[in-house]
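A.B. asks: First the structure, then my questions, so here it is.
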Amino acid sequence: MTFIKKVFIDSEALGYPLTQKVLSRVKNGVPHRIIEEKGSSSGFDEVDMGKETLHLISYKGEFLKPCPGTKEYICCGYKILNIGTNCPLDCSYCILQSYINMPNLRVFANLEEELGNVLDIFDSNPESIFRVGTGEFTDSLALDPVTFCSDLLLPEFSIRKNVILELKTKTVNINRLIASKIRDRIVVSWSLNSSFIASKEELKAPGIIKRLEAARKCQSEGFVLGFHFDPMLMYPGWQEDYLRTLDLMDKYVDPKGIIWISLGSFRYMPGLKPIVRKRHPNTTILDGEFIQGLDGKMRYFKPIRIDLYSFMKEHLDKWYSNLGLYLCMESDEVWQESLGWSPGVSEGLKCYLDDRTIELFA
Amino acid sequence: MSIYEITDIPGVLVELKNISDHPGPYCMSFGFDLNPLVKSIKRSGIVNSPVLVKNSKGNLDIVTGYRRVIAVKSMGFKQLHCRILSESEFSPLRCLLLNLNDNLCTRTFNEIEKGMVLCRLNNFLPKDEIIESYMPLLGLPSNENTYSNFIRIDEELDDNMKQYVAEGRMSFQSAERILDIDYGLRSYILDLLLSLNFNFNQQTQLIDYLSDIKHSNESLLIDMLNSADFKQIYLNDKINKPQKAKAILQYFREKRFPIMVKAEKDFKEKISNLHLPQGIRINYPPFFEGPSFRLEISFKNGKQLKEKVDQLSGIRNLEDIKPPWKKEA
């Protein structure tokens, strides 16, 4: 974790065992500072966003939250387990850039103490299937080498038959997963893109081949895999480039061990645009034809989205026909036009993915 | 502090040539009309003496009364009674807050002046404190983005453009956006906006289109601005300014959103070819994003409604209405 240049610890987080463990793992010589005042921004640089500062806090909010979908588009009913916010990777499209009031790589030091409440929710709803992920507000594995969160989560999730845990990442930090003996009800997922986008817009993230090598390793060690092409971006030559990524997938992983592949096109709240322009002046992600969607977010004009998804569907189908392909936050019409079917409503998509869960973890 | 601390300071006659015409480090006046003040001084004289302070170089900076000093100078006076603060007792921050408080209770700051206030405070106070405690005083939300935007406007916009914002000829949003465009091109666009009287919404839209095109391909934007098509609109004597503004906006919209504009045109053409009866319109949802088209029928009474519905149902090819990108079944 050479990118960690300093550590802040909220005074309230000092007493948690996770804090002490993390501090013991951070390289010697990295300066530590205890923050007494709540809400202090600790003098961070808004361009840097505190991406080199590890910040241990005692999180007061809900640890388990529904994915913030909107009624206008079909949502998969995913649940987010909050383990921290922000991420050391610096993707130009990242929505977290707009949360400038929450700088630094925030780790929730009270996760261990609060996890029981989350597990109670699963246990008190045995008929429901919970698809849970930690990769919404941070990368699931980017900080795992210092937090060892996977050590904490894997045993608790794998013994519950109505839950799966998805660890979504762009990193290759899989050592702790591999070292663990636990495989059941754990999905390791990679965000993928074209190599062009990965190299140009996913700054500091490993390249596509590295990610797929890590995926292959996990698959060979018995993990179920997931993949997410989100955000897909349209640019001159996008088809050849995405096709190359699909070819690489074919080379590195066995499609039978994939629980799902999601497709989503780039979307953003209007307020993100000036931030992206400022933080990533050479980016091309804003060049496309974006319109304001029904949820207020900017998204590609509909036929462009349909083109993106149809193309991927056509080629993924050629690879393997049972990949659990789905669209993230799209309309019934776009589903129909690009995938040839639609779950109709959010509940339909939830059922589809729950069924995939049952199929892969029966 | 005694409330008489400043009024107890006796006025002294100051040579006006020793006071700079510039607002200096403490004053926050920009884009004001001096005439009402000049008239008032002519009628009633100076009621409150300006307050000055000696700076580290020994020159006099205005703490309060900048407009009064400028007005009196413009009236040809050479001297003015002023109060001079002791620099040892009045720190620069104190002088700044004195001016701020003096202004806050007597007038509203324009957007440029708000930027000046924040920028000056920024020299003395931590950002968090300014955002938390001072932005609400200026009627601004305690928001980091807003703070950054105002600072940027103050630091990066030239005085000409600031003047347009202060006069209300250009919106603050447009000013913010135009900063994304290089300086040379910026003044060209400004001339365009102001010469054709674009309204605030149109200004923002046009700057957004141009800024996006510029980020995507700067030389393409230059080519567009130099193109015969563009000049044909801009120099067309047969249309008035609002028509020109609209046509220019549409020209750049087509360049920025070619797929969407084509879809709109195709749809409108298809609807036009249906030859709908008078008073019947079919519209697409905004950006074609929603799931449904919209049918509008205007009618005077039920009989007419029935007639129109009958006419409508008899139109051939009505069932062919679909999103323009959708292939034939």
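A.B. asks: Kindly check whether there is at least one residue in region A:49-67 that is over 24 Å from the mean Cα position of the chain (by Cα) and either modelled with pLDDT of 90 or more or under 13 Å from A:Phe8 (Cβ atoms) (or both). Quick ask: steps written out before the conclusion?
C.D. replies: Of region A:49-67, the ones over 24 Å from the mean Cα position of the chain (by Cα) are none.
Among the residues of region A:49-67, not one is over 24 Å from the mean Cα position of the chain (by Cα) and either modelled with pLDDT of 90 or more or under 13 Å from A:Phe8 (Cβ atoms) (or both), which makes the answer no.
A.B. asks: For region B:181-197, what are the residues that are under 16 Å from B:Lys162 (Cβ atoms) and among the small types (Gly, Ala, Ser)?
C.D. replies: B:Ser187
A.B. asks: So B:Lys42 fits all but one of (1) assigned to a loop (DSSP other than H, G, I, E, B); (2) exposed (fewer than 11 other Cβ atoms within 10 Å of the Cβ); (3) modelled with pLDDT of 90 or more; what number is the exception?
C.D. replies: Of (1) assigned to a loop (DSSP other than H, G, I, E, B); (2) exposed (fewer than 11 other Cβ atoms within 10 Å of the Cβ); (3) modelled with pLDDT of 90 or more, only one is false for B:Lys42: (1).
A.B. asks: Please go through region A:270-298 and pick out each residue that is within 25 Å of A:Val334 (Cα to Cα), at the interface with another protein chain (Cβ under 8 Å from one of its Cβ atoms) and open to solvent by 40 Å² or more (accessible area, probe 1.4 Å).
C.D. replies: A:Thr284, A:Asp287, A:Gln292, A:Leu294
A.B. asks: Please state which one of B:Leu98, B:Leu93 is without any contact (Cβ under 8 Å) to a residue 40 or more places away in the chain, among the hydrophobic types (A, V, I, L, M, F, W, C) and open to solvent by 20 Å² or more (accessible area, probe 1.4 Å). Spell out the reasoning first.
C.D. replies: On the way: B:Leu98 fails: without any contact (Cβ under 8 Å) to a residue 40 or more places away in the chain.
The conditions single out B:Leu93.
A.B. asks: Right, another one. For residues that are open to solvent by 10 Å² or more (accessible area, probe 1.4 Å) and either part of a helix (DSSP H, G or I) or modelled with pLDDT of 95 or more (or both), tally how many sit in region A:79-90. Talk me through it step by step, then tell me what you get.
C.D. replies: Filtering region A:79-90 for residues open to solvent by 10 Å² or more (accessible area, probe 1.4 Å) gives A:79, A:83, A:85, A:87-90.
So of that shortlist, the ones also either part of a helix (DSSP H, G or I) or modelled with pLDDT of 95 or more (or both) come out as A:79, A:83.
Count: 2.
A.B. asks: A further question follows. Mind checking which residues of region B:266-292 are within 14 Å of chain A (Cβ to nearest Cβ) and either among the acidic types (Asp, Glu) or assigned to a helix (DSSP H, G or I) (or both)?
C.D. replies: Kept after step one, since they are within 14 Å of chain A (Cβ to nearest Cβ), are these residues of region B:266-292: B:266-267, B:284-292.
Scanning region B:266-292 gives B:Asp266, B:Phe267, B:Pro286, B:Phe287, B:Phe288, B:Glu289.
A.B. asks: State all residues of region B:46-61 that are in a loop (DSSP other than H, G, I, E, B) and under 13 Å from B:Leu80 (Cα atoms); if no residue qualifies, say none. Show your work before the answer.
C.D. replies: Of region B:46-61, the ones in a loop (DSSP other than H, G, I, E, B) are B:46-50, B:55-59.
Once the filter is applied, which keeps residues that are in a loop (DSSP other than H, G, I, E, B) and under 13 Å from B:Leu80 (Cα atoms), region B:46-61 yields B:Ile46, B:Val47, B:Asn48, B:Ser49, B:Pro50.
A.B. asks: Continuing with the same structure: Pairs, please: C-beta under 9 Å, at least 6 apart or cross-chain, first residue under 19 Å from B:Leu235 (Cβ atoms) and in region B:165-194, second of a type in the set (Val, Ile, Thr) and crowded, with 21+ Cβ neighbours inside 10 Å?
C.D. replies: Filtered contacts from region B:165-194: B:Ile189/B:Ile178; B:Ile189/B:Ile207; B:Leu190/B:Ile178; B:Leu193/B:Ile178; B:Leu193/B:Ile207.
A.B. asks: Can you pull out the residues in region B:24-39 that are open to solvent by 50 Å² or more (accessible area, probe 1.4 Å), in a loop (DSSP other than H, G, I, E, B) and over 21 Å from B:Leu121 (Cα atoms)?
C.D. replies: Within region B:24-39, B:Phe32, B:Asp33 qualify.
A.B. asks: Confirm whether B:Phe198 is of a type in the set (Phe, Trp, Tyr) and within 14 Å of another protein chain (Cβ to nearest Cβ). Can you show your working first?
C.D. replies: Numbers: of a type in the set (Phe, Trp, Tyr): yes; within 14 Å of another protein chain (Cβ to nearest Cβ): no.
Criteria not met by B:Phe198.
A.B. asks: If you check B:Asn59 against the conditions, is it modelled with pLDDT under 90 and open to solvent by less than 60 Å² (accessible area, probe 1.4 Å)? Explain how you work it out, then say what you get.
C.D. replies: On the way: modelled with pLDDT under 90: yes; open to solvent by less than 60 Å² (accessible area, probe 1.4 Å): no.
Considered against the rule, which asks whether it is modelled with pLDDT under 90 and open to solvent by less than 60 Å² (accessible area, probe 1.4 Å), B:Asn59 comes out as no.
A.B. asks: Could you list all residues from region B:133-187 that are of a type in the set (Phe, Trp, Tyr), surrounded by 15 or more Cβ atoms within 10 Å (Cβ to Cβ) and more than 14 Å from every other protein chain (Cβ to nearest Cβ)? Before you say what the answer is, go through the steps one by one.
C.D. replies: In the first step, residues of region B:133-187 are kept if they are of a type in the set (Phe, Trp, Tyr); the result is B:134, B:147, B:150, B:164, B:172, B:183.
Subset that is surrounded by 15 or more Cβ atoms within 10 Å (Cβ to Cβ): B:134, B:147, B:150, B:164, B:172.
Of everything in region B:133-187, those that are of a type in the set (Phe, Trp, Tyr), surrounded by 15 or more Cβ atoms within 10 Å (Cβ to Cβ) and more than 14 Å from every other protein chain (Cβ to nearest Cβ) turn out to be B:Tyr134, B:Tyr164.
A.B. asks: Tell me which of these A:Ser180 doesn't satisfy, since it passes every other one: (1) surrounded by 23 or more Cβ atoms within 10 Å (Cβ to Cβ); (2) over 19 Å from the mean Cα position of the chain (by Cα); (3) of a type outside the set (D, E, K, R).
C.D. replies: Result: A:Ser180 passes all but (1).
A.B. asks: Okay, moving on. Within region B:220-241, work out how many residues are within 14 Å of another protein chain (Cβ to nearest Cβ) and open to solvent by 30 Å² or more (accessible area, probe 1.4 Å).
C.D. replies: Looking only at region B:220-241, we keep the residues that are within 14 Å of another protein chain (Cβ to nearest Cβ), and these are B:220-221.
If we keep only those that are open to solvent by 30 Å² or more (accessible area, probe 1.4 Å) as well, we get B:220.
Final tally of qualifying residues: 1.
A.B. asks: Which one of these is free of Cβ contacts under 8 Å to residues at least 12 places away in the same chain and of a type in the set (Gly, Ala, Ser): B:Ser219, B:Ser211?
C.D. replies: B:Ser219
A.B. asks: Could you grab me the full set of residues in region A:329-342 that are open to solvent by 20 Å² or more (accessible area, probe 1.4 Å) and either in contact with a Leu (Cβ under 8 Å, 6 or more places away or on another chain) or of a type in the set (Asp, Glu) (or both)? Even if it seems obvious, please write down each step before you answer.
C.D. replies: Within region A:329-342, the first condition is being open to solvent by 20 Å² or more (accessible area, probe 1.4 Å), and the residues that meet it are A:329, A:332-333, A:336-337, A:340-342.
Result: A:Asp332, A:Glu333, A:Glu337.
A.B. asks: For region A:289-338: of the residues being in contact (Cβ under 8 Å) with a residue 24 or more places away in the chain and of a type in the set (Gly, Ala, Ser), which is farthest from B:Glu264 (Cα to Cα)?
C.D. replies: This residue is A:Gly324.
A.B. asks: Another question about this same structure. Of (1) assigned to a helix (DSSP H, G or I); (2) open to solvent by less than 40 Å² (accessible area, probe 1.4 Å), A:Pro155 satisfies all except one. Which?
C.D. replies: Every condition holds for A:Pro155 apart from (2).
A.B. asks: Among the residues of region B:62-84 satisfying the criterion of being assigned to a loop (DSSP other than H, G, I, E, B) and either in contact (Cβ under 8 Å) with a residue 40 or more places away in the chain or of a type outside the set (A, V, I, L, M, F, W, C) (or both), which is most open to solvent (accessible area, probe 1.4 Å)? Full working, then the answer.
C.D. replies: Within region B:62-84, the subset assigned to a loop (DSSP other than H, G, I, E, B) is B:65, B:75-78.
If we keep only those that are either in contact (Cβ under 8 Å) with a residue 40 or more places away in the chain or of a type outside the set (A, V, I, L, M, F, W, C) (or both) as well, we get B:65, B:76-78.
On the way: B:Gly65: 9, B:Gly76: 46, B:Phe77: 116, B:Lys78: 146 Å².
The residue in question is B:Lys78.
A.B. asks: Here is a list of conditions, (1) within 23 Å of A:Leu225 (Cα to Cα); (2) within 10 Å of another protein chain (Cβ to nearest Cβ), and A:Glu337 meets all of them except one; can you say which number that is?
C.D. replies: That leaves (1) as the condition not met.
A.B. asks: Right, something else. Test B:Leu295 against the stated conditions and say whether it is of a type outside the set (Ser, Thr, Tyr) and either part of a helix (DSSP H, G or I) or buried (at least 16 other Cβ atoms within 10 Å of the Cβ) (or both). Please lay out each step first, then the result.
C.D. replies: Values: of a type outside the set (Ser, Thr, Tyr): yes; either part of a helix (DSSP H, G or I) or buried (at least 16 other Cβ atoms within 10 Å of the Cβ) (or both): no.
When the stated conditions are applied, B:Leu295 does not pass them.
A.B. asks: Further question: List every residue pair whose Cβ atoms lie under 6 Å apart, where the two residues are 6 or more positions apart in sequence or sit on different chains, the first residue falls within region B:242-261 and is more than 11 Å from chain A (Cβ to nearest Cβ) and touching a residue at least 40 places away in the same chain (Cβ under 8 Å), and the second residue, located anywhere, is of a type in the set (Ser, Thr, Tyr) and open to solvent by 20 Å² or more (accessible area, probe 1.4 Å).
C.D. replies: Listed by first residue and then by second, the contacts come to B:Phe252/B:Tyr209.
A.B. asks: For region B:252-292, name all the residues that are among the basic types (Lys, Arg), closer than 24 Å to B:Ser313 by Cβ and surrounded by 13 or more Cβ atoms within 10 Å (Cβ to Cβ). Outline the logic, then answer.
C.D. replies: Taking region B:252-292 as the starting set, the residues that turn out to be among the basic types (Lys, Arg) are B:253, B:255-256, B:262, B:265, B:268, B:270, B:281.
Within this subset, residues satisfying the condition of being closer than 24 Å to B:Ser313 by Cβ are B:268, B:270, B:281.
Of everything in region B:252-292, those that are among the basic types (Lys, Arg), closer than 24 Å to B:Ser313 by Cβ and surrounded by 13 or more Cβ atoms within 10 Å (Cβ to Cβ) turn out to be B:Lys268, B:Lys270.
A.B. asks: Among what's in region A:304-323 and is in contact with a Ser or Thr (Cβ under 9 Å, 6 or more places away or on another chain) and away from every other protein chain (no Cβ under 14 Å), pick the residue that is most open to solvent (accessible area, probe 1.4 Å). Before you say what the answer is, go through the steps one by one.
C.D. replies: Kept after step one, since they are in contact with a Ser or Thr (Cβ under 9 Å, 6 or more places away or on another chain), are these residues of region A:304-323: A:304-313.
Now narrow it down to the ones that are away from every other protein chain (no Cβ under 14 Å): A:311-313.
Values: A:Phe311: 26, A:Met312: 0, A:Lys313: 53 Å².
Only one residue tops the list, namely A:Lys313.
A.B. asks: Among A:Phe137, A:Phe108, which is in contact with a Gly (Cβ under 8 Å, 6 or more places away or on another chain) and surrounded by fewer than 22 Cβ atoms within 10 Å (Cβ to Cβ)? Give the derivation first.
C.D. replies: Details: A:Phe108 fails: surrounded by fewer than 22 Cβ atoms within 10 Å (Cβ to Cβ).
Result of the check over A:Phe137, A:Phe108: A:Phe137.
A.B. asks: Moving on. Only one of A:Ser199, A:Ser150, A:Ser180 is of a type outside the set (Lys, Arg) and over 24 Å from A:Val22 (Cβ atoms); which? Give the steps one after another, and end with the answer.
C.D. replies: Working: A:Ser150 fails: over 24 Å from A:Val22 (Cβ atoms); A:Ser180 fails: over 24 Å from A:Val22 (Cβ atoms).
It is A:Ser199.
The values are calculated or read from the model by the stated rules, or taken from the named source; none is laboratory data. Being a predicted model, the structure only gives us computed values, none of them experimental. Positions of Cβ are backbone-derived with ideal geometry, glycine not excepted, and every protein chain shown enters the neighbour counts. Keep in mind that these areas ignore ligands, DNA and RNA; they rest on the heavy atoms of the full protein, side chains included. Shrake-Rupley method; radii C 1.70, N 1.55, O 1.52, S 1.80 Å.
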